[in-house]
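Reading through the structure tokens given below for one structure.
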Amino acid sequence: MISNHALELAQTLVRMDTVSRNSNLTLIHFVRDELARLGVSSRLTYNADKTKANLFATLGEGKPAGVILSGHTDTVPWDGQAWSLDPLSGAVQDGRLYGRGSADMKAFIGLALAQAEAYLNSPAPFAVHLALSYDEEVGCLGVKELIADLRDAGIRPLACIVGEPTLMVPAIAHKGVYRYKCCVRGKEAHSSLTPRSVNAIEMAARLVGKLRDMAEGFEQHEARYDGFDVPYSTASVGQFHGGIADNVVPRDAEFRYEFRNLPTADAAQMQAEVLAHARALEPRMQQVAPEAGFRFEPICEVPAFLGSADDAVTRLAQRLAGAQGTTLVAFGTEAGIFKQAGIPTVVCGPGSIEQAHQPDEYVSLEQLGRCETFLQGLAGVRSVSELV
Ligand SMILES: [Zn+2]
């Protein structure tokens, strides 16, 4: 059963409003101050306007760098969702901790923080690091700054455990999420004079068609990666806007699309194919209007994650969680970014993604108890060979 101390910390964090659009500094400062009471200093790295921060702390100063416990501090909003209780209540009812971020993923952070003293006094021959990020839910923005700071500071952790909700089963792969906005500039005209115009919607539609062709190509030809709900890469257009009136050839159109690439597929190549298609359409548009063309903006680029069942950190997570096998997850995490930075990584945390982002989000106390056992076990690891 989960200890009171750990549960109270999880509740405290859930009660802080850290929806991605808001500042997360209340939470970051709380964790910083809790650690400072134990004599642990924190590295904070801020966003451009200093309203949000990442926190990185080393428990076991003087020991070699060791394993990161990673969590994001932000949550998705709850606007328009039908909650039966206050999303910030942190209420415990019927064996569950309720609230936005309870499963995804503040409870993990609270439980990790509850072990801080144990890690400080641990016989483990390596340090445990806490890595808390901002703006994960809007595209894993903060963690990139955090990892750059570690690189600049010469801190080289050996492994990373990302505590996203996997029901405490170590997850070793997920797809990438690459999302872009495409703005199409054409030339307006009265709709009776189409040859003097460049129809932005129609040009946009050609690219949308290209995306659909690519999606069908993945479905038909891509090598399967079994274990995912959809065992091939997908492409999808999520929003399309354009036009002002039936009798005006539209000057502007805008659409947003995403790729969810298999860990074995190259998202940069997919985007390059879209760009090449756009560039091929532009000369004819520009014959009519030199300013016409396509402009692309990345919205989020979250790399796919591919760990291994053979990684030491995966085996360690299995042992600590008492889990038999490993799993794949359908959602994006920061794991691929840690892995890209050369840090062997596994995703393992309490609760289910089924409850994440939902009304009445919760994590069961049973899951929290298992997570606490996992985190306590980490303090007892005696050999660095369990990490690498
Ligand atoms: Zn999450």
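The values are calculated or read from the model by the stated rules, or taken from the named source; none is laboratory data. Because the structure is a prediction, the values reported are computed rather than measured. Methodologically, a virtual Cβ is constructed for each residue, glycine included, from the backbone with ideal geometry; neighbour enumeration extends over all protein chains shown. Calculation scope for accessible area: heavy atoms of the full protein, side chains included, ligands and nucleic acids excluded. Shrake-Rupley method; radii C 1.70, N 1.55, O 1.52, S 1.80 Å.
A few notes on this one:
- Helix 267-288 vs. the chain, principal-axis angle (Cα, 0 to 90°, nearest 10): 20 degrees
- Loop-located GluC sites (Glu not before Pro) in region 236-294 (DSSP state not H, G, I, E or B) with no more than 13 neighbouring Cβ atoms inside 10 Å: GLU291.
- Kirkwood-based Rg to Rh ratio, region 177-302, C-alpha trace: 1.05
- For the residue pairs LYS50/LYS181; LYS144/LYS181; LYS63/LYS106; LYS52/LYS144, the C-alpha atoms sit more than 19 angstrom apart in LYS50/LYS181; LYS144/LYS181; LYS63/LYS106.
- Over all pairs of different C-alpha atoms in region 107-264, the reciprocal of the mean inverse distance, the Kirkwood hydrodynamic radius, equals 20.2 Å.
- The chain, accessible area per residue, ligands and nucleic acids excluded (1.4 Å, Å²): 43 Å²
- At 1.567 mPa s and 4 °C, Stokes D of region 42-118 from Kirkwood alpha-carbon radius, µm² per second: 86 µm²/s
- Directionally averaged projected area (convex hull, Cα atoms, region 237-388), nm²: 13.9 nm²
- For region 333-388, the spread of Cα positions along the three principal axes, ordered from largest to smallest, is 41, 28, 10 Å.
- Charges were assigned to the Cβ only: +1 to each Lys and Arg, -1 to each Asp and Glu. The resulting dipole of region 118-160 about its Cα centre is roughly 280 debye.
- Max-minus-min Cα coordinates of region 1-136 on each principal axis give 49, 42, 22 Å, with the largest extent listed first.
- Carbon and sulfur %, accessible surface of the chain computed with the full protein complex present, 1.4 Å: 48 percent
- Evaluated over region 1-66, the Cα radius of gyration and Dmax, each in Å: 13.7, 42
- Evaluated at q = 0.06, 0.08, 0.09 Å⁻¹, a Debye calculation over the C-alpha positions of the chain (equal weights, vacuum) places log10 I(q)/I(0) at -0.28, -0.47, -0.58.
- The solvent-accessible area of VAL384, taken with every protein chain present and a 1.4 Å probe, is close to 60 Å².
- Taken over region 81-190, the convex hull of the Cα atoms encloses 217 Å³ per residue.
- Average projection area in nm² (convex hull over Cα atoms of region 298-353, one quarter of hull surface): 4.5 nm²
- Rounded to 10°, Cα long-axis angle of helix 142-153 versus longest principal axis of the chain: 60 degrees
- Annotation for region 223-306: trypsin sites (Lys or Arg not before Pro) lying in DSSP loop with at most 12 further Cβ atoms inside 10 Å of their Cβ are ARG224.
- Computed helical MRE - 222 nm, the chain, DSSP H runs ≥ 4 contributing -39500 (n - 2.57), nearest 500: -10000 deg cm²/dmol
- Low-density loop positions, GluC sites (Glu not before Pro), region 350-379 - DSSP coil, at most 11 other Cβ in 10 Å: GLU354
- Summarising the strand pairing of the chain, around 75 percent of its internal DSSP beta bridges are antiparallel.
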